[in-house]
Every structure is written in structure tokens, then in C-alpha cells.
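For reference, the structure discussed in these notes is given below.
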Amino acid sequence: MEMSIFFAKLWGSFFVIFGSLFIIARQLGRTIEMTEDQAFVISTGYITLLMGLVTVILHNVWVWDWPLVITILGWSTLIKGIGKIGFPNLIHQQAQRFKNRQWLSAFLLIFLGAWLLWVGF
């Protein structure tokens, strides 16, 4: 359970910070524009892959409770990292679909992050 609490705090903080940056600094729009650069997508793919791999290795908990959310986050992040490294053009196409839903994505990210922080503390 200690590992679940740690990852709830880590992912929660990460989501609240990035969700806030997406709204305050309009960072999501800039990030979407940067997906045109394949080198950017691939380099962030390595970071994403690493975050997902660490989460999956340390927290592969398949219980029907809140820690399952962290396990799913880990696996989805790992898959996203593989996708960014192997298929950067596909990532650019997916990012273009988020242009019109930036605010919704940011608020969902903040909400999920706040919930994880609440569970973690």
C-alpha cells in the first residue's frame, strides 16, 4: 500500500501541475504544435516510456480498488511512450484532435490529479 500512496502522490502532483499549466500558460496548445517535430515527440517518448515502465514494474497491482487506477495509468503511459517512439506521426495526428478540447482535457487532468492527491494524503 505504501507504493500505491507514493504513486498517488506522484501522479496526482504531476497531473495537477500540468493541468494548471495547460490552463494558465496555455501550454497544451504549444505542446500540440510541438508534435510536428518528430525529434520532440521521440525524445518525450523516452521520458514517457520510462515513467510508465517504472510505474508498471513497481506497481502492477490488479485489485478492484483505487490502486487499479495507478496500474492503468502505468500501463497506458508505457504504451503511449512506445507509440511516441515508434509512431511519432500517429501521435501528431492524435494531438490535432485535442486542439478543440484543450480546456476539457486540462480540467479532467486536474480533477484526476486532485482525486489522486486526496487518496494519497
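Each reported figure results from applying straightforward, stated rules to the coordinates on display, with no laboratory input. What you see is a predicted model, and the numbers here were worked out from it, not measured in a lab. Cβ atoms come from the backbone with ideal geometry, glycine included; neighbour counts cover every protein chain shown.
For this structure, a couple of remarks:
- Output for the range 67-112, where each listed residue is within 16 Å of GLY52 (Cβ to Cβ) and not in a helix (DSSP H, G or I): PHE87
- Cβ-Cβ under 8 Å pairs, at least 6 apart or on other chains, the range 87-111 side more than 13 Å from GLY19 (Cβ to Cβ), far side part of a helix (DSSP H, G or I) and charged (D, E, K, R): ILE91/LYS84
- Criterion violated by VAL61 - all others in (1) part of a helix (DSSP H, G or I); (2) surrounded by 14 or more Cβ atoms within 10 Å (Cβ to Cβ) satisfied: (1)
- Considering residues of the range 68-77 that are in contact (Cβ under 8 Å) with a residue 12 or more places away in the chain and closer than 20 Å to GLY19 by Cα only, the residue surrounded by the most Cβ atoms within 10 Å (Cβ to Cβ): ILE70
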